[in-house]
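Participant: Please see the structure below; I have some questions.
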Amino acid sequence: MKSRPTGEDIAVQLDAVTKRFGKTTALDAVSLRVRRGELMTLLGPSGCGKTTLLNLVAGFLIPDSGEIAIDGRRVTDVPPYRRESGIMFQQYALFPHMSVAANVGYGLKMRRIAKPEIARRVAEALALIKLDGLEDRKPRQLSGGQQQRVALARALVIRPKVLLLDEPFSALDRNLRASMQVEIKEIQRKLGVTTIFVTHDQSEALSLSDRIAVLAEGRIRQLGTPDEIYCRPVDRFVASFVGDVNVLHARVEYIEGATAALALGPARVLVPAGTLQGVAPGAVVDLFVRPEELRVVEEGGVEAVHGIVAAQIYQGGHVDLYVDVPEAASGRVLIRAPGRQGMSLWPAGTRIGIGLAVDKAIAFRAAADAAVTCGHA
Amino acid sequence: MPPLLSRRLLRLLGGVTVTAILGFLLLPALVVTLAAFNGKAILSFPPETWSWRWFAKAIEYQDFQAGFRNGLIVTGWASSIALVVGAAFALALERYDFRFKRALETVLLSPLVVPHFTVGLGFLILAAQLGWARGYAVIVACHVVLVLPFVLRSVYISLRNLDPRLELAAASLGAPPLRVLITVTLPLLLPGLVSGWLFAAILSFNEFTASLFVTAQSTQTLPVALYNYVREYADPSMAAISVMYIVVTATLLTFANVFLGLAKVLNVEHPR
C-alpha cells in the first residue's frame, strides 16, 4: 500500500450525474474527477447534495442519469458489495455483536481470504491506528475516538479503491476532533488512498483537503484547492460560506483587461474583473474582504474608510475588532488584528481608519437586496 | 409533631398498598399451588392433609397426556409460522412504503381487538363450509392469527432499533444481501425474534376460548382437556397441572433471561 503517483490519474469519475428524490433534485448533472491518492472534500450546507453524491459513489443509490466510474471501470449500476469502496459513517456503524477484530476483519472474511492472512492484516491495521491489544473488546466498550479508529481500520483493511468519509468528526468533542483530523490525514497520506470526505464544516475542509468541491442546491459551485476556494471564490455563495468575510460597498472606476479598479473611499483596490462581467464603470459593487486582510491604519496612512469600534474580542494570538462602518457596510465589519496591542490601542468607541491589502479582495455584483448608497466614494 | 406523623403514616400506607397489590397478583397462583398438594380428593382451601399424589395422577391421565402432546404440536407450528410471517410483514412495514400500508397494519393487528371467541367461531364455520376435518391445520391456522400481532410488534420494534447503516457498512465491505442478512441483520434481530416466538408460544399453549371451537376430541389441547375434565371431576389434579404450567413458563422465562437478558427479550432495553 505505498504511495501511488498522483497527477491526472483519475480514481473516481462522475459524468453528468443526476439524482432526484420525488420532486426534489438532490444532484443536478454533476461532473467530478477525483485524482488518485487525492483527498477531495465535498463541502456545503445540509441539503446541498454532498451526502447523496457519497451514497452514489458507494453504490447505496443509483443515479437517475449520468455515469460513475471507479478506477476506470463503469460502476453506475454495480451493487455496493462489488465496488471496493470503504466507507466510514458519522456514528461509525460498528457491528455491535462483533469484537473489534471481527469488525475489522469482516470485509476480508467476505472476500474469502484465508484465516491466517486475515489475522495478519487485522493486526497490521490495528497497529496502524494504534489500537493493538483491544482485539477482543466489543464496540460499546470503546471510547468515541477508539470506535472511530476501528471504523477507519475496517474501511482501510480491504484496501479500497476509494475511501468515503461521511462527516466523520462531527460526533467527537473539540479536542479529540483536532487530533483525529491530523491522524486521519497522516494515515491517508501514508497509504495514498483516494478519499472523498463529506463535511459541512468549512474550517475542517480547508485544513484537510487537497481539493474542495463546494456544493449548493445539487450543483458544484466551485472546485479548487483550499487556497483557491478561500482567496478566489467564484461567487457570493462560496465567498460567504467558506471562512469569515466582510462585505463592503465600493464603486467601479474602470475595468481594464482582467483587472478592475474599485474606489473605496480615497483608496483604490484592484480586483479580478472576471467576477464583474457586464458591470459598467460607476456602478456600486460588493467588495468581499477577509478579516485578516483589513487593518487599522496609523495616522497619516492611506485610509479607505472610517469606523467606530463596537467591540473587541481577545483571541490570544490576535484581537477581533467589530467595527461599525456606516459609510461602506450595512453589517458590522470584522478586523483581525495580529498581536495583543489591539486591546489597549483601540478600545470600544474609538474612531479608526481602515485600510486593506490591495490585491487580496474580490468583488461581486451588488446583491439586489443590498441597495445601500456608497458614502462619499 | 403532626407533619412527621402524617408522613410516616403515608409511607406506611404506601407500603401496605404495594404489598396488597403484589399479593393480589400472586393470590390465585398461591391458592392453586396449595390446593394441588391436598391429600383429599376435593378442591378445597386450605388443605388439611398434604400429598404429591395429584401430580402423579395428572401426569398419568391419558387426556392430559394427549392434550399436552397436541398442545406442543400446535404451539410449535403456530408460533414458528407466526414468527416467519410476522417477521416478513414487520420487515415490509418498516422498510418499504406502499399503498394501503396503514390498512395492512390495521388488519395485521386486528386480532388484538377481535374476541378469541369470534376467531374460533369463524374458523369453525369456515372449516365446516369448506368440508375440512377439524385437524391440526385448522387449529394451527387459528393460533397463527391470534399470536401474529405479538410477533409482529416484537420484531417491528427490534427492526426500528436496528441502524440501517450497519447493513450499508456490511454491503460496502463486500457482503452480498444474503450474507448481510445472515451476518448482521439476523444476529441483531435475534432478541426480538426470540421474544416474539416465546410470547407466541406461551399465548398459544395457554389459548382456550378459540381452541374450544376448533379442536376435536382427538386434537384437543391441554386447556381444552382441562376444561373437559373439570366439567366431570373436581379433584386437585387440576391444580397440580396448573402448578406445572407455572413452573414450565417460569423456567422458559428464566432461560430467556439468562441467555438473552430478559430486558432485551421484553424489548424494554435498547438492544444496541
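FYI, it's all coordinate maths here, none of it is from the lab. Note that the coordinates shown come from a computational prediction; the quantities given were computed from them, not determined experimentally. A quick note on method: Cβ atoms are made from the backbone with ideal geometry, for glycine too, and the neighbour counts reach across all protein chains shown.
Participant: Using a/c under 1.5 as the rounded threshold, could you call region B:106-205 rounded, prolate or oblate? The axes a ≥ b ≥ c are square roots of the C-alpha gyration tensor eigenvalues, and prolate needs a/b larger than b/c, oblate otherwise.
Facilitator: Prolate shape, in that a/c is at least 1.5 and a/b is the bigger ratio.
Participant: Please give the FRET efficiency for B:Arg160 paired with A:Ser65, using the beta carbon to beta carbon distance and R0 = 41 Å, rounded to the nearest 0.05.
Facilitator: 0.75
Participant: Run the quick spin-label model on B:Ile59 and B:Glu105: label points 7 Å from Cα toward the beta carbon, then report their separation in nm to one decimal.
Facilitator: Taking the two extended label points, one gets 4.9 nm.
Participant: Another question, then. Compute the distance in nm between two label points, each set 7 Å from the Cα along the Cα-to-Cβ direction, one at A:Arg112 and one at A:Thr24.
Facilitator: Once both label points are built, they end up 4.2 nm from each other.
Participant: What length, rounded to one decimal in nm, is gained on full extension from A:Asp132 through to A:Ala119, with 0.36 nm per residue of separation minus their alpha-carbon distance?
Facilitator: Gain on stretching A:Asp132 to A:Ala119: 3.5 nm.
Participant: Moving to a separate point now. Using +1 at the Cβ of each Lys and Arg and -1 at the Cβ of each Asp and Glu in the protein assembly as shown, identify which of A:His306, A:Leu165, B:Ala29 lies farthest towards the dipole's positive end.
Facilitator: B:Ala29
Participant: To continue, here is another question. Which net charge results when you count Lys and Arg as +1 and Asp and Glu as -1 among the other residues whose beta-carbon is under 11 Å from that of A:Glu167?
Facilitator: -2
Participant: To the nearest 20 debye, what charge dipole does chain A have about its Cα centre, counting +1 at the Cβ of each Lys and Arg and -1 at the Cβ of each Asp and Glu?
Facilitator: 1900
Participant: Here is a further query. Counting only C-alpha contacts under 8 Å and six or more residues apart, can you give the relative contact order of region B:61-265 as a whole percent?
Facilitator: Computed value for region B:61-265: 34 percent relative contact order.
Participant: Ok, one more. Points 7 angstrom from Cα along the Cβ direction at A:Glu217 and B:Phe117: gap in nanometres?
Facilitator: 6.6
Participant: So if we plug the beta-carbon distance of B:Phe45 and B:Ile182 into 1/(1 + (r/R0)^6) with R0 = 60 Å, what FRET efficiency do we get, rounded to 0.05?
Facilitator: Approximately 0.65, to the nearest 0.05.
Participant: With a 10 Å Cβ neighbour count serving as the proxy for reagent exposure, in which order, fewest first, do B:Leu168, A:Leu43, B:Leu252 appear?
Facilitator: B:Leu252, B:Leu168, A:Leu43
Participant: Which of A:Pro326, A:Val30, A:Ala153 sits closest to the plus end of the dipole of chain A, meaning its Cα is farthest towards the positive end, when Lys and Arg get +1 and Asp and Glu get -1 on the C-beta?
Facilitator: A:Ala153
Participant: Among A:Gly47, A:Val104, A:Val214, pick out the residue whose Cα is farthest towards the positive end of the charge dipole of chain A, where Lys and Arg carry +1 and Asp and Glu carry -1 on C-beta, about the Cα centre.
Facilitator: A:Val104
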